[in-house]
Amino acid sequence: MIGFSLNRRIPAAIACLIAFSSLAGAQAQDGSVVRTAADDDIRASIRELSDPVYATRVAATRRLCAIGGEAIGALREAADGNDVEASLRAKKLLSTLDQVWFSGVEVRLDIDKTSFAWNEPVDLTVTLTNRSLLDARVPFETSADKREPMSGDARQVADMLDVSEWLRVYGEGEREVELRVDDLGEDSEVLSVAHKRLDGGPSSVVPAGGQATVRVREFNRGWARYPLLDSGEYSIVLVYEPAWLDPVLAENNVGRVTSNLLRVTVTHGAPKSVSRGGAEAELEVSRDGDALVAALTNLTDRAVYVNTNFGTSPPFAEGRWVYELAGRRFEIPADSKAGRTWADFSEARLAVVEAGAPIELARIGAAQLRKAFADAGANVSLAGGVLSFGYANFCGRQWQLREEANLSREEGVPAVLKRRLPRKMLSTRLSGNPVSVWDNP
């Protein structure tokens with residue numbers, strides 16, 4: 001049995017191919033390449049593919065798997081030979097070896113700087129040196145003249161998704177840092193890049209003795225990134241390990257490829273208000289003297305745009321004070337002048353909120369609040385009621401794409417809605433913590 005499973009490990013529904021890899025050669029002290037298996041050993045193993053003893057046939061198969069590319073020539077001869085048993089096993093081995101990644105390739109990781117702040121972008125470089133006597137396949141786009149033309153964001157995501165299939169990043173205590181990918185649906189080209197990788201992704205050939213380089217921009221701050229949020233030391237390593245179904249091959253790490261261990265230090269960590277788990281935002285209601293304040297905090301590790309144009313439907317955001325008492329619910333809008341027409345929408349109210357920072361969405365005085373709810377039929381002076389705030393915004397790139405035809409033909413549409421909206425527009429529905437309403441506002 002020589003099978004192996006194909007699976008993927010990239011988060012956010014991007015899976016990662018793991019295929020068989022074997023070392024066809026080893027580097028001598030002078031940098032040259034030496035053979036790791038004598039021709040006699042290969043020929044002997046191929047003869048044993050048809051041995052009457054099953055265990056001998058299996059052992060020969062495993063040895064040839066471990067030898068890898070160096071055995072391909074002899075295996076092709078056996079596959080075309082008259083020995084049926086040896087031919088079948090040789091063909092199966094060739095089929096497996098045809099999917100080899102990194103065969104005979106030495107992988108080295110480098111980074112722009114090894115000491116930086118959490119929000120300081122750095123580039124990661126992967127250098128692939130083929131030390132074998134045969135061409136080697138690698139799962140990257142390495143040739144500049146053959147790299148698919150695409151925008152900067154799409155290229156960053158493409159390179160990161162390719163490399164991250166085997167990249168491991170660890171913080172203190174061997175805590176693994178997971179790849180974080182912003183909403184792919186906000187850009188059709190980026191989404192296309194991700195879909196292509198679901199179908200297998202790119203591949204290139206590094207010729208015998210050749211070298212190729214993959215440079216991943218903004219390894220820690222790009223659209224797809226490893227967010228190094230806490231201060232301290234991190235370890236980065238590329239590990240390629242076949243997912244063998246054969247337990248013996250798996251236990252002996254046949255085909256395993258490991259890069260150098262890269263160590264970096266984050267000198268200044270992100271604010272504590274930045275979520276380590278990937279949450280986007282939180283909404284909090286608090287008292288400030290005789291007023292109630294609803295504030296939104298950006299929990300992401302990136303600056304985001306928050307829509308504070310209040311109305312009842314996109315492109316406006318919804319903001320409402322909600323009072324609940326004895327099973328009854330009363331609502332009043334956050335802004336008494338709720339937007340209804342294109343002229344009411346202002347680009348200036350698309351506020352930039354830095355990572356971990358808050359923004360005040362609404363403020364209402366106690367007397368004004370009591371009157372508004374009284375007008376709505378609620379007596380807020382009664383003890384036992386609670387007040388909260390709800391926020392919802394679905395005006396973003398995806399809404400813009402759906403409404404593209406209407407936005408282009410209707411008159412009075414603000415210019416900001418006709419050009420591409422910012423990528424990091426917070427699109428969400430949030431509810432703030434309920435607070436008790438005081439008796440004498």
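The values are calculated or read from the model by the stated rules, or taken from the named source; none is laboratory data. Owing to the predicted nature of the structure, the values given are computational and were not obtained by experimental measurement. Because the Cβ atoms are built from the backbone with ideal geometry, glycine has one as well, and the counts that use them run over all protein chains shown.
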Members of region 252-281 found to be under 21 Å from TRP166 (Cα atoms) and not basic (Lys, Arg), listed by number: ASN252, ASN253, VAL254, GLY255, VAL257, THR258, SER259, ASN260, LEU261, LEU262, VAL264
Residue list for region 345-362, filter: farther than 24 Å from ASP301 by Cα and either surrounded by fewer than 16 Cβ atoms within 10 Å (Cβ to Cβ) or among the polar types (S, T, N, Q) (or both): SER346
Elements of type strands (runs of 3 or more DSSP E) in region 141-216, at least 2 residues being at pLDDT 95 or above and farther than 18 Å from ASP123 by Cβ: 167-170
Residues (in a loop (DSSP other than H, G, I, E, B) and among the aliphatic types (A, V, I, L, M)) located in region 99-140: VAL100, ALA117, VAL122, LEU133, LEU134
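Quick check, is ARG329 out of contact with any helix residue (DSSP H, G or I) (no Cβ under 9 Å at 6 or more places or on another chain), free of Cβ contacts under 8 Å to residues at least 40 places away in the same chain and not in a loop (DSSP other than H, G, I, E, B)?
Spelling it out, ARG329 is indeed out of contact with any helix residue (DSSP H, G or I) (no Cβ under 9 Å at 6 or more places or on another chain), free of Cβ contacts under 8 Å to residues at least 40 places away in the same chain and not in a loop (DSSP other than H, G, I, E, B).
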Flag for GLU186 being surrounded by 14 or more Cβ atoms within 10 Å (Cβ to Cβ), on the phi > 0 side of the Ramachandran plot and acidic (Asp, Glu): no
Any hit, region 381-402, residues being assigned to a helix (DSSP H, G or I), exposed (fewer than 14 other Cβ atoms within 10 Å of the Cβ) and out of contact with any strand residue (DSSP E or B) (no Cβ under 9 Å at 6 or more places or on another chain): yes
All positions within region 286-307 that are surrounded by fewer than 17 Cβ atoms within 10 Å (Cβ to Cβ) and not in a strand (DSSP E or B): GLY289, ASP290, ALA303
Filter result for ARG370 (out of contact with any Pro (no Cβ under 8 Å at 6 or more places or on another chain), in the same structural domain as PHE316 (by TED's automatic domain parsing) and touching a residue at least 12 places away in the same chain (Cβ under 8 Å)): no
Single residue of region 403-427 satisfying the filter (surrounded by fewer than 17 Cβ atoms within 10 Å (Cβ to Cβ) and of a type in the set (Gly, Ala, Ser)) that is farthest from the chain's Cα centre (by Cα): GLY412
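The rows are residues; the columns are (1) within 30 Å of TRP399 (Cα to Cα); (2) surrounded by 20 or more Cβ atoms within 10 Å (Cβ to Cβ).
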site	(1), (2)
ASP159	yes, yes
ASP162	yes, yes
LEU167	no, yes
GLY171	no, no
Qualifying residue in region 330-341 (condition: in contact with a Leu (Cβ under 9 Å, 6 or more places away or on another chain), of a type in the set (Ser, Thr, Tyr) and not assigned by TED's automatic domain parsing to the domain that holds GLY68): no
Unmet requirement for GLU85, which otherwise passes all of (1) surrounded by fewer than 20 Cβ atoms within 10 Å (Cβ to Cβ); (2) at pLDDT below 85; (3) assigned to a loop (DSSP other than H, G, I, E, B): (3)
GLU148, sole failed condition from (1) exposed (fewer than 15 other Cβ atoms within 10 Å of the Cβ); (2) touching a Pro at 6+ places or on another chain (Cβ under 9 Å); (3) at positive phi: (3)
The one condition in (1) under 30 Å from VAL274 (Cβ atoms); (2) part of a strand (DSSP E or B) that ALA348 fails to fulfil: (2)
Qualifying residue in region 372-385 (condition: within 34 Å of the chain's Cα centre (by Cα) and not aromatic (Phe, Trp, Tyr)): no
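To keep it simple, each residue is scored yes or no on (1) more than 26 Å from GLU331 (Cβ to Cβ); (2) at pLDDT 95 or above.
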| position | (1), (2) |
| --- | --- |
| VAL380 | no, no |
| GLY390 | no, yes |
| PHE394 | no, no |
| LEU407 | yes, no |
Any hit, region 285-301, residues being within 28 Å of GLY412 (Cβ to Cβ), in contact with a helix residue (DSSP H, G or I) (Cβ under 6 Å, 6 or more places away or on another chain) and not assigned by TED's automatic domain parsing to the domain that holds TRP118: no
Filter result (farther than 21 Å from LEU134 by Cα and surrounded by 22 or more Cβ atoms within 10 Å (Cβ to Cβ)) within region 41-82: LEU49
Among (1) in a loop (DSSP other than H, G, I, E, B); (2) in contact with a helix residue (DSSP H, G or I) (Cβ under 7 Å, 6 or more places away or on another chain); (3) at pLDDT 80 or above, the one test that THR56 misses: (1)
